[in-house]
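What follows is one structure encoded as structure tokens, with my remarks underneath.
The values are calculated or read from the model by the stated rules, or taken from the named source; none is laboratory data. Just so it is clear, the model here is predicted, and its values are computed rather than measured. A quick note on method: Cβ atoms are made from the backbone with ideal geometry, for glycine too, and the neighbour counts reach across all protein chains shown.
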Amino acid sequence: MASTTSDAAVADTKPFDIVATYNELLRSDADLTMPIAAIEALVLLLTQSASSTISETLDLLEKSTAHLKRSIPNPIGLSAGTDLFQRYLITTLQRPGQLGPAGDFKAIRTHLLSNGRLFIRRAKESRDKIAAFGRGFIRDGSTILTNGGSRAVAALLQKAADEEGGSSAVRFRVIYVLSSTSQESKHPDEEPEGMETVRALRAKGVPVSTIPESAVAYSLGKADMVIVGAEGVVENGGIVSRMGTYQIGLLAKAIGKPFYVVAESHKFVRLYPLGQYDLPIEQQVVEFKSEEDLAEERKQQSSVADTNGDTPIKLPLCDSVDFTPPHLISALITDSGVLTPSAVSEELIKIWF
Amino acid sequence: MNRKLGLRRSVGRLWHHFFFHKMTEPSDPAPTAPVSTPASSAPGQAQPATENSPQTLPIRDSKPTQPTGDAPASTDGAADKPLSPAELKKKAKADKAARRIREKLEREGGTTGSTTPTPSVGAQARPPSTPKKDATGTGSAQKGPRAPPPRRGSGPVAQTGSVLVEQKKKKDDKKVSVFGHLYGQQRRVTVAGATKEVHHAILALGMQLMDYTICGSSARCVATLIAFKRLIESYTTPMGTSLARHLTTHLSSQITYLSTCRPLSISQGNAIRALKLFIAGIDPSTPEASAKISLCEYIDSFIREKITVADQVIADSAAQKIQDGDVIVTFAGSSIVKQTLLLAYNRGKRFRVSIIDSRPLFEGKSLARDLAKSGLDVQYSLVHSITHAIKDATKVFLGAHAMTSNGGLYSRVGTALVAMSAKERASGVEIPVIVCCETIKFTDRVALDSIVVNEIADANELLPMDTPVSLVVPNPDAHVPPTPENKKGGNRTPAPEPLVTPHKTSSSPLADWHNTPNLQLLNIMYDVTPAEYVDMVITEMGSLPPSAVPIVHRMVTNL
């Protein structure tokens with residue numbers, strides 16, 4: 001997100017900058033997820049554009065989507081939103097009747113836009129739904145291990161804390177795995193992701209223990225279950241999530257603890273990764289360097305100050321993701337119910353066909 | 001002209017049924033009746049439900065099972081006696097009912113009373129059998145029509161009197177008991193004895209299916225549809241019936257013939273079901289010519305949509321999964337895998353291919369040849385060296401015969417071995433197993449093991465020592481052993497009907513297995529890979545986990 005400010009500045013000169021809008025949206029609303037921000041950006045784009053035919057609209061949509069995906073280092077999450085919106089548009093346009101291909105385009109347009117907004121509102125509500133579904137999983141006296149900064153998980157845990165009597169009665173405990181990668185990066189003073197949730201939970205009287213990632217295996221014995229968030233849920237029921245989730249999944253499987261994923265159903269992506277290295281993004285995680293390479297790098301850094309050109313954007317380590325295969329996941333808690341990993345493909349097929 | 005012929009033919013058939021009915025119903029099957037033959041080749045109207053079930057006893061016989069002289073006889077009979085349409089209809093109905101009853105009785109008789117030797121001369125001499133039997137087989141079997149249609153479960157045995165009672169016992173031992181239910185009727189080996197109404201395109205297709213010239217689920221499906229198109233082009237609706245009603249039954253008899261050549265594949269069954277549904281939906285008032293045109297168009301678009309274009313879509317998305325430096329393991333010869341690999345190669349991906357093959361069909365040989373010709377790096381090995389081949393593999397691509405509703409992959413026997421080896425985390429790395437499969441191959445059946453549903457091929461195919469068995473010549477010692485290339489190329493012409501008198505001395509120690517006590521040979525065609533060994537199924541509808549097969553199948557069939 002380093003380039004956000006510069007993009008926003010350019011936004012005024014250009015007619016409409018989808019990337020800047022997207023980033024702006026994400027920044028302005030902390031509760032917004034990537035797919036929803038993408039959809040909202042697309043809706044804004046359609047309101048501002050003067051397209052008058054269906055094919056023009058679809059074409060514009062496609063181009064902007066492609067542009068957006070190219071400009072964001074990790075487009076997995078947002079592609080769920082853009083794909084969904086595109087699909088929604090096409091199905092609406094294909095539907096017979098007034099809003100179908102034969103109908104008045106202006107009516108179609110207004111319908112689309114208003115429905116697009118409705119969609120966004122519903123998506124925001126989905127977190128409450130998830131919390132309602134997931135509440136039953138958190139029982140009295142249980143200990144939950146979680147990681148990352150998932151807002152869905154935070155909502156679920158806070159809801160459970162509220163339900164079970166707030167500060168008066170302590171019914172469950174949380175082991176919060178805090179990422180160490182953000183501290184290694186450029187902002188060592190920034191607090192790790194999830195601290196906000198930790199504070200909120202503590203305020204509600206829930207005992208929280210924070211552990212580093214290296215202590216997961218050690219601490220899992222004290223936990224009853226693992227609940228994690230996800231950036232995207234892929235077709236085979238696996239998840240793409242914050243780096244470190246996969247190892248927690250593996251450890252949970254090895255120790256025999258249930259591993260639940262909390263995700264909104266708009267995060268379902270049409271993507272089928274076969275493994276860690278089959279994701280459509282480039283990550284700098286495993287990089288082999290000798291002393292020679294390091295020297296070379298240093299030289300380059302000093303000579304070239306800033307080349308923010310069109311070079312492929314690589315994901316910094318703190319933002320990198322991994323893929324947790326479906327066989328490690330016990331269930332997915334979504335706003336359309338609690339699903340087994342294999343049911344995800346069914347949901348996706350329902351959306352897509 | 002055409003029309004007249006068709007009418008004549010159908011009259012002949014009706015008459016034939018009538019005649020047959022009269023002859024067989026009151027008493028035991030008369031050995032003289034030449035008429036019984038056609039019925040024997042059409043055991044039961046094709047029932048879609050059983051189309052795929054292996055009903056044939058796939059023991060290959062050398063001798064033409066049926067004489068050819070009987071068919072005209074009944075035609076002549078029909079020509080003599082003109083019948084009014086109403087009469088014909090009535091008779092046809094009665095015949096059908098009678099035939100059903102008779103078949104039922106026979107079926108029961110076949111299982112319970114099979115020990116009763118039937119006084120017939122149509123001994124189906126098995127190549128490596130006693131000289132005595134051979135004599136009967138080569139001599140009289142050529143001419144003598146088998147009076148009673150082959151009994152279910154009795155196989156090609158036990159028709160030459162008392163000698164064969166004993167022989168029959170022996171033969172029953174040759175059925176591997178776990179797979180006993182799969183030995184249906186004998187598999188047809190010649191076109192002789194086919195009913196007149198079987199179209200020549202279907203006859204030719206039957207031969208090609210029989211000797212694996214057309215092999216592979218998609219290829220069989222396409223060939224069947226094309227043959228049906230030929231049939232429909234030359235079809236005329238007989239008087240007094242409508243196209244929608246008559247063509248379906250007409251097709252059914254063709255299908256029955258095909259299924260005696262080789263049990264129908266799932267894809268064939270699905271295609272036939274779709275076609276029949278379409279025929280049934282034709283408005284009776286449509287003129288025949290336009291109905292035929294629309295049918296042909298339907299078949300064309302079916303092939304295009306479900307197979308040709310589907311294959312392109314699958315190959316396209318599967319090729320995206322191939323990365324530079326991959327080592328792709330594949331088993332036997334799947335056309336869609338071949339298409340995928342070639343496409344990926346043409347897109348500039350550089351990878352190695354390791355083909356694992358197995359006896360007796362050696363389907364991987366032509367794949368290896370074709371890929372190598374196109375410039376790919378190919379390693380060819382047999383299934384015995386699977387652990388070695390899988391060691392440096394990075395991905396496994398498999399073709400499918402069918403995908404079952406519980407996500408199982410029903411494919412050429414040996415596939416499960418490859419998939420399981422890939423999943424075994426011996427080397428610490430899991431190798432993704434990717435199945436490429438058109439949705440036409442999806443079925444609502446459930447397969448828990450490879451035993452309940454399978455196809456048994458001729459055990460003689462296992463005999464040859466170093467050359468693959470000649471798939472037409474039943475005798476492994478046939479004078480011209482075909483080269484593997486020849487067979488794999490698919491351009492192999494069916495060898496001429498064997499005049500071979502079976503040799504007793506064979507290169508294979510197992511050649512005499514029929515007469516060796518305590519020895520059973522099993523040659524099954526398919527196995528089931530459980531869903532947990534499959535990571536991804538690539539279809540034209542997208543990539544799915546195997547658990548999504550029933551959903552997609554439901555969706556495809558409902559549309």
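Summary of values
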{"item": "Residues that are β-branched (Val, Ile, Thr) and not in a helix (DSSP H, G or I), drawn from region B:201-227", "result": "B:Thr213, B:Ile214"}
{"item": "Conditions (1) touching a residue at least 60 places away in the same chain (Cβ under 8 Å); (2) surrounded by 21 or more Cβ atoms within 10 Å (Cβ to Cβ); (3) away from chain A (no Cβ under 14 Å): number failed by B:Ala318", "result": "(3)"}
{"item": "Search result, residues across region A:281-299 that are of a type in the set (A, V, I, L, M) and closer than 30 Å to A:Glu231 by Cα", "result": "A:Ile281, A:Val285, A:Val286"}
{"item": "Which numbered condition A:Ser114 fails, given (1) surrounded by fewer than 21 Cβ atoms within 10 Å (Cβ to Cβ); (2) modelled with pLDDT of 85 or more; (3) of a type in the set (S, T, N, Q)", "result": "(2)"}
{"item": "Entirely in region B:300-401, the helices (runs of 4 or more DSSP H) that have 3 or more residues that are more than 29 Å from B:Ile266 (Cβ to Cβ)", "result": "B:386-391"}
{"item": "Some residue of region B:515-532 being over 24 Å from the mean Cα position of the chain (by Cα), β-branched (Val, Ile, Thr) and not assigned by TED's automatic domain parsing to the domain that holds B:Gly414", "result": "yes"}
{"item": "All positions within region A:244-256 that are surrounded by fewer than 24 Cβ atoms within 10 Å (Cβ to Cβ) and in contact with a Gly (Cβ under 9 Å, 6 or more places away or on another chain)", "result": "A:Gly244, A:Ile255"}
{"item": "Lone qualifier among B:Leu209, B:Leu203 - being assigned by TED's automatic domain parsing to the domain that holds B:Lys292, in contact (Cβ under 8 Å) with a residue 12 or more places away in the chain and touching a helix residue (DSSP H, G or I) at 6+ places or on another chain (Cβ under 7 Å)", "result": "B:Leu209"}
{"item": "Test for B:Ala332: is it in contact (Cβ under 8 Å) with a residue 24 or more places away in the chain and not assigned by TED's automatic domain parsing to the domain that holds B:Leu182", "result": "yes"}
{"item": "Test for A:Glu191: is it in a loop (DSSP other than H, G, I, E, B) and without any contact (Cβ under 8 Å) to a residue 12 or more places away in the chain", "result": "yes"}
{"item": "Tabulated pairs, region B:390-409, first on the phi > 0 side of the Ramachandran plot and in the same structural domain as B:Ile356 (by TED's automatic domain parsing), second assigned to a helix (DSSP H, G or I) and not hydrophobic (A, V, I, L, M, F, W, C), C-beta under 7 angstrom, 6+ apart or interchain", "result": "B:Gly407/B:Pro546; B:Gly407/B:Ser547"}
{"item": "Near pairs, Cβ below 7 angstrom, 6+ apart or cross-chain, from region A:59-82 (touching a residue at least 60 places away in the same chain (Cβ under 8 Å) and under 23 Å from A:Ser345 (Cβ atoms)) to any residue that is of a type in the set (Gly, Ala, Ser) and not in a helix (DSSP H, G or I)", "result": "A:Ile76/A:Gly232; A:Gly77/A:Gly232; A:Ala80/A:Gly232"}
{"item": "Answer residue from region B:228-253, given it is among the aliphatic types (A, V, I, L, M) and either part of a loop (DSSP other than H, G, I, E, B) or more than 20 Å from the chain's Cα centre (by Cα) (or both) and is surrounded by the fewest Cβ atoms within 10 Å (Cβ to Cβ) among those", "result": "B:Met239"}
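Yes or no, residue by residue, for (1) in a loop (DSSP other than H, G, I, E, B); (2) at pLDDT 80 or above:
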{"position": "B:Val435", "(1), (2)": "no, yes"}
{"position": "B:Arg445", "(1), (2)": "yes, yes"}
{"position": "B:Leu448", "(1), (2)": "yes, yes"}
{"position": "B:Ile451", "(1), (2)": "yes, yes"}
{"position": "B:Asp466", "(1), (2)": "yes, no"}
{"position": "B:Leu471", "(1), (2)": "yes, no"}
